[in-house]
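Take a look at the structure set out below.
The values are calculated or read from the model by the stated rules, or taken from the named source; none is laboratory data. All figures in this text were calculated on a predicted structure; none of them were measured in a lab. All Cβ positions, glycine included, derive from the backbone under ideal geometry; neighbour counts span all protein chains shown.
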Amino acid sequence: MPGSSDASSPPDRAPVANAPSGDQPSGLEDGRRPRATPDRTLHMIGNAHIDPVWLWPWQEGYQEARATFWSVIHRMEEYPDFVFTCDQVVLLSWVEESDPCLFERIRERVAEGRWVMTGGWWVEPDCNLPAGESFVRQGLYGQRYLWEKFGVTADVGMNVDPFGHNVMLPQILRGQRMDSYVFLRPGPHESELDATAFWWEAPDGSRVLGYRIPYEYCSPPGHVDGQTDKALGQADRHLGDLMIFYGVGNHGGGPTRANIESIRRYDRMGSFGRLRMSSPRRYFDELAARLGENGMAALPVWREDLQHHAAGCYSAHSGIKAWQRRAQAKVLSAERWAVLGALWQGLDLPREDLARAWQQVLFNQFHDILPGSAIAPAYDDARDQLGEAVAISQRVITRVQNVLASRLDIPHDEGTQPVVVFNPHPWPVRTEVELQYGSQPGGVHVVDAEGHQTPSQRVQPVATTNDRGRAAQLFEVQVPPLGYRLYRLRGGPDPGDLGWSADPRGRLHATTEVLENPLLRVEVDPQTGWLRSLVDKRTGQDLVADAGGEHLQVCEDPTDTWGHRVVSYAWPGEPMRTTRVLLLESGPVRARLRIEREWGRSVMVEELVLQHAADHLEVRVTLDWREPAHLLKVRVPTALQDPTATYEVPFGSLERPVDGAEEPAQSWVDLTGVLPSPGVGGAGDAPAVRAGLAVVTDAKHAFDVLPAHDGAGASIGLTAVRSPVYAWHDPRQLDPGEIYAHQDLGVQQFRYLLVPHAGDWRDAGLTRRAALLTSPVRAMLESFHPGSLPDALPTVSDGGGQVMITAVKGAEDDGEDGPDLVVRAVETTGRPARGHLELPVVGRTLEADFGPSQIRTFRIPRDPARPVVEVDLVEWPLDEPPADLRVTELAAGRYRRPPGGTQG
């Protein structure tokens, strides 16, 4: 009969042997593979890298997180062995607020162990440009959120997509309870690092186990064979077992059915080895068990940062760089004043407001926002979100400072106007402040609370009206650490017969070609508008004498937004033409020389500013840039020979080659070398002495350092502006028929300092200068009234030495008697030091040993009967209390402890 068969009939179809595509064999045992299967286990890491912003706005990323996470939940229901690896806490927070049902399903899978939390940070940020405190806050908010919502924390760091990684990250990760780090870039073709797995060591000796993902972190939606082939081709095969990442990513999607089915298929076929759906934690644990103690110790050690990829991102989109720097500084300042208001005057601690501000800052450090690589509309959102962070911070600062000012004892003094100057930095500051005020017909001068005159001069007010009711006064202030000091505007012009004006430190001379004070002499070439001499009068050294080379270099720049395949932007360029040199100010406090230049349709103004007692020259830049697909280098040629270059990185510094490579820096770059000693024999006989020149900026991150060549001196180059097309990813010719939007066309402003020094950079206080440049003191007009507070008061001080306090904040949770004080400090020179922290606000001093670039954090209760505790970067107590920490009551008379108060 049709369809019947017997033992003698041939079978309709033979069993399937291998099925690299199409239907899989049925009825096979799990784990059964050919004997010839390669003897290795490939840990298949299912993930869904989601860029919340890139070629789409954050609102689209918000929806995509929800859609992707539902897809992951469905795959878990279909495949009981499927494991998902998740990072970027902001995505979970979005789901929590928009889809509680989904969030609860995620909680169940986390508890089951199949939804694995990694990374522990709010987002995957750019890992070069944010300040050190921002990296701390990425983990502070990320890890505490995971603990609060899921009862877990991440123990594996994960930044798969950023374009480089600073050398301090191992210490930061260890401080956030993570012992390993997974990343992709730089790839093997972009770095001298050959290893897939290695020890990554920070300057303080902290180590994490690094793993560079071979080939890619995401995959196409179909079979994983191509992904696995390419990963094996890039990985260190001697390592044996490897991690292979898969899942549709960037715009989300996650692992697909086809992905998972193909993993099962190729595991049964034995094509690549044993394929296991796994997690980074499982991989690292099994690697350590397999290699043993000796094998793990034998892994290579990397002691540098991980660079380079996409060097154009250090300079792309000047706006986001400047907004970020301002927002970070404002939130840090707001934290400081907020905790002082709470401890000092009984105000509430606005934790929720500060958290919201920080989260806006952290989100906009995402590795396609801060690097300038997103679409143009993304920067409208970034500006608004960072503006919210600044506005929150300003409200916190203004409230606390007004409460403090209202409680000062300010006796009535006829003909004066009280002014309170606040210092946001935990070290004493001597600087100048410009105050807009209601004018008096005869002008004003400035005195301190004791009536002693301080240097001051009248300057142009910001208001330009026919009403002369507003004026501006510039005056010198000396303000105690993280505290305030009272000054007064007194009617009438400067008497000119007081001690400061006769003090030689106060003498300032200015013409259109010379700016000079007792410490510096600056000569300007009227043709080029740049320096032909910069003499450090303390040593007699001229840092730029006979240094050839242009100061400003305009180049055509047809590179893409990322700067793919770019090693250096230090190419010869055309100078801008100097059109006018004008002396704007020549007073007893400040001289200001304006240099105007033009090139093409662009105009640049540099104002050289020399204060009467300054040991640096400030340069204020206003640039109206109108040149698509061009770049501008601001170059500082020097006379230094055999130089070394040091760059500031988050919480530290790093020496790099003098080779013109485009490099990232936090806020300063130093060039130190040798110069002939002045006044000793002939030029050929003069002994060489060490000297240096640093450039400190408030808004730029892209630098290079060039050796002397072709008649030009060794120089520091700052990439002031690049104007590529937005989100232009590939280094290719653009379609001439399309219309493109270019970055950075329009007006921008930034400042930089030229800081000459003897010896090396460690004596120049560069990191503190950068902090003051970004976060200046604030002066506010006040009225007469009685009060309990004195006319000057410090609250927290690090003494201004090697160990620098970087954070003063309220603890994330209350102590027994309200908010505890949290103070974080870091060693800033790369050399061991004993830190001495004076905390009048809680009546104690702390002394502790700091290793090179070591970060330490302390929690100090208000009640002196309760102990000071050292905590990690998540603000949880260390497993072992430190033996070197010495806590003492503040010596009587050293500082006057702030009186207590209550809100009123």
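Residues that are of a type in the set (D, E, K, R) number at least 2 in the following strands (runs of 3 or more DSSP E) confined to the range 838-878: 844-850, 855-860. Over 30 Å from TRP562 (Cβ atoms) and touching a residue at least 12 places away in the same chain (Cβ under 8 Å): is that true of VAL83 in this structure? Judged against the criteria, VAL83 is a match. Inclusion of VAL658 among residues that are aliphatic (A, V, I, L, M) and either part of a strand (DSSP E or B) or at pLDDT below 95 (or both) is not warranted. Filtered by the rule that a residue be surrounded by fewer than 24 Cβ atoms within 10 Å (Cβ to Cβ), part of a helix (DSSP H, G or I) and in contact (Cβ under 8 Å) with a residue 24 or more places away in the chain, the range 364-386 gives ALA376, PRO377, TYR379, ASP381, ARG383, GLN385. The set of residues in the range 219-245 that are crowded, with 21+ Cβ neighbours inside 10 Å and in contact with an Asp or Glu (Cβ under 9 Å, 6 or more places away or on another chain) comprises GLN227, ALA231, LEU242, PHE245. LEU129: among the hydrophobic types (A, V, I, L, M, F, W, C) and within 30 Å of PRO650 (Cα to Cα), yes or no? Yes; evaluated as a whole, the condition is true for this residue.
Going by the structure shown, is LEU287 within 19 Å of ILE45 (Cβ to Cβ) and in the same structural domain as PRO214 (by TED's automatic domain parsing)? Answer is yes for this residue. The residues of the range 110-133 that are within 17 Å of TRP323 (Cα to Cα) and acidic (Asp, Glu), listed by number, are ASP126, GLU133. Can you find a residue in the range 54-71 that is buried (at least 18 other Cβ atoms within 10 Å of the Cβ) and in contact with a Lys or Arg (Cβ under 7 Å, 6 or more places away or on another chain)? Taking every residue of the range 54-71 in turn, none turns out to be buried (at least 18 other Cβ atoms within 10 Å of the Cβ) and in contact with a Lys or Arg (Cβ under 7 Å, 6 or more places away or on another chain). Figure legend. Inter-residue proximity from the range 255-267: first residues touching a residue at least 60 places away in the same chain (Cβ under 8 Å), second residues of a type in the set (Lys, Arg) and assigned to a helix (DSSP H, G or I), beta-carbon distance below 7 Å, spacing 6+ or different chains. Indicated pairs: PRO255/ARG75; ILE260/ARG75.
Residues in the range 171-180 that are in a loop (DSSP other than H, G, I, E, B) and over 16 Å from TRP199 (Cβ atoms): GLN176, ARG177. Within the range 248-294, being under 30 Å from GLN59 (Cα atoms), aliphatic (A, V, I, L, M) and either over 34 Å from the mean Cα position of the chain (by Cα) or in a helix (DSSP H, G or I) (or both) holds for ALA258, ILE260. The listed residues are GLY692, GLY673, and the only one of them that is without any contact (Cβ under 8 Å) to a residue 60 or more places away in the chain, of a type in the set (Gly, Ala, Ser) and closer than 23 Å to LEU534 by Cβ turns out to be GLY673. Within the range 647-654, the presence of at least one residue that is under 18 Å from HIS308 (Cβ atoms), surrounded by fewer than 24 Cβ atoms within 10 Å (Cβ to Cβ) and either of a type in the set (S, T, N, Q) or in contact with a Lys or Arg (Cβ under 7 Å, 6 or more places away or on another chain) (or both) is confirmed.
ASP814 falls short on exactly one of the conditions (1) farther than 30 Å from ASP413 by Cα; (2) in contact with a strand residue (DSSP E or B) (Cβ under 9 Å, 6 or more places away or on another chain), and that condition is (2). Sort out which residues of the range 181-226 are touching a residue at least 40 places away in the same chain (Cβ under 8 Å), assigned to a loop (DSSP other than H, G, I, E, B) and either basic (Lys, Arg) or closer than 18 Å to PHE245 by Cβ (or both), and write them in order of number. Within the range 181-226, ARG185, PRO186, GLY187, ALA195, THR196, ILE213, TYR217, CYS218, SER219, GLY222, HIS223, VAL224 meet the criteria. The set of residues from the range 718-744 being in contact with a strand residue (DSSP E or B) (Cβ under 9 Å, 6 or more places away or on another chain), of a type in the set (A, V, I, L, M, F, W, C) and part of a loop (DSSP other than H, G, I, E, B) comprises LEU734, ALA741.
Within the range 295-337, the only residue that satisfies the criterion of being surrounded by 24 or more Cβ atoms within 10 Å (Cβ to Cβ) and assigned to a strand (DSSP E or B) is LEU306. Return the residues of the range 358-394 that are within 23 Å of PRO776 (Cβ to Cβ) and among the hydroxyl-bearing types (Ser, Thr, Tyr); say none if nothing qualifies. Selection gives SER393 alone. The residue pairs whose first member lies in the range 800-817 and is farther than 29 Å from VAL479 by Cβ and outside the structural domain of ALA355 (by TED's automatic domain parsing), whose second member is assigned to a strand (DSSP E or B) and not acidic (Asp, Glu), and whose beta carbons are closer than 7 Å, counting only pairs six or more residues apart or on different chains, do not exist in this structure.
Taken over the range 738-785, the residue count meeting the criterion of being touching a helix residue (DSSP H, G or I) at 6+ places or on another chain (Cβ under 9 Å), of a type in the set (S, T, N, Q) and surrounded by 15 or more Cβ atoms within 10 Å (Cβ to Cβ) is 4. Screening the candidates ARG399, ARG458 for the property of being part of a strand (DSSP E or B), at negative phi and surrounded by fewer than 20 Cβ atoms within 10 Å (Cβ to Cβ) yields one hit, ARG458. For the range 794-837, a residue qualifies if it is among the charged types (D, E, K, R) and not in a loop (DSSP other than H, G, I, E, B), and the qualifying residues are LYS809, ARG824, GLU827, ARG834.
All conditions but one from (1) in a loop (DSSP other than H, G, I, E, B); (2) under 17 Å from LYS700 (Cβ atoms); (3) hydrophobic (A, V, I, L, M, F, W, C) apply to VAL636; the one that does not is (1).
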